[in-house]
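Shown next, in structure tokens, is the structure this report addresses.
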Amino acid sequence: MQQDSQLTAGRQLTTSQQLTANESSDAETVIIDTGCANLSSVRFAFERLGAKVLVTDDKAKIKAAKRVVLPGVGTAGVAMASLHEKGLVELIQGLTQPVLGVCLGMQMLAAISKERGGKSQDCECLGIIPTDICELDTQLLKAEGLPLPHMGWNQLNVSNSPNVHPLFAGIEDGSYVYFVHSYRAPLSEFTLAECTYGEGFSAAIGKGNFMGVQFHPEKSAAVGAQILRNFLQMDELQMNKALMNKALRSNSADGQTGANKTDQ
């Protein structure tokens, strides 16, 4: 415990000068200050890659950023309440640059979360990606002797996605990343990567310029660093080009399927 404290203090000291530079106006990557506890670890992960980052809840700076990160830990209700209090909900919904949700940040991109946090109703989220967040299947976990929450290293499957998303460029099937969660997004057309823990679930989801990962890339060693590096290479133009190419491939595949049906 003492060693961990010393390590944390050392990191804070060695990055103090860097923080001044990284909080300058030329930072291209903005981490939204959601008030959550993992802001520093996410920031440090980007700094280790040499990125200039800014942690802020300033609307103008978020809107002007080249790319945006939405972090989060804790419960969906508390995190969404913080976004409402800061007046950031509509702003986030209207962003056109690449946006990456991390852990709870990914879940907040969904329509609703069943994580009620003691309240009587489901939590209404940002509604950007039309999927719902539900608790991992406790019956399956119990049958397989798996504890809840899902905590620790687990493997990714990116090959089941029709086209590998730029976020996972260079990431091999079976790569290990670090998870800490009890709620998940189901497998759907918005799944970018899969994982299995009692059941299959979305390790990452995406729609348009929005993408999110259920795991913690900042705690996932070299694989996590590569994913963050991929994100740092994204900009609005690249995202639009990738989405256009994906649409063209999808239309071509649909056309081929239609032709095959006609031949039959």
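The values are calculated or read from the model by the stated rules, or taken from the named source; none is laboratory data. Just so you know, these numbers come straight off a predicted model, no measurement behind them. Cβ placement follows ideal geometry from the backbone for every residue including glycine, while neighbour counts extend to all protein chains displayed. Heads up: the accessible areas ignore ligands, DNA and RNA and are worked out on the full protein's heavy atoms, side chains in. Shrake-Rupley method; radii C 1.70, N 1.55, O 1.52, S 1.80 Å.
Here the stretch 176-218 is the region considered, the condition is being charged (D, E, K, R) and more than 22 Å from Val42 (Cβ to Cβ), and the residue that is farthest from the chain's Cα centre (by Cα) is Glu199. Residue-level analysis places Tyr197 outside the set of residues that are open to solvent by 50 Å² or more (accessible area, probe 1.4 Å) and either in contact with a Gly (Cβ under 6 Å, 6 or more places away or on another chain) or not charged (D, E, K, R) (or both). Kindly indicate whether any position in the stretch 61-78 is within 15 Å of the chain's Cα centre (by Cα), small (Gly, Ala, Ser) and in a helix (DSSP H, G or I). Yes, some residue in the stretch 61-78 is within 15 Å of the chain's Cα centre (by Cα), small (Gly, Ala, Ser) and in a helix (DSSP H, G or I).
Every residue, every condition in (1) among the aromatic types (Phe, Trp, Tyr); (2) touching a residue at least 60 places away in the same chain (Cβ under 8 Å); (3) in contact with a helix residue (DSSP H, G or I) (Cβ under 7 Å, 6 or more places away or on another chain), yes or no:
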position	(1), (2), (3)
Gly117	no, no, yes
Ser120	no, no, no
Ile128	no, yes, yes
Cys134	no, no, no
Glu144	no, no, no
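Assessment of the stretch 122-129 against the conditions (open to solvent by 10 Å² or more (accessible area, probe 1.4 Å) and at pLDDT below 95) yields at least one matching residue.
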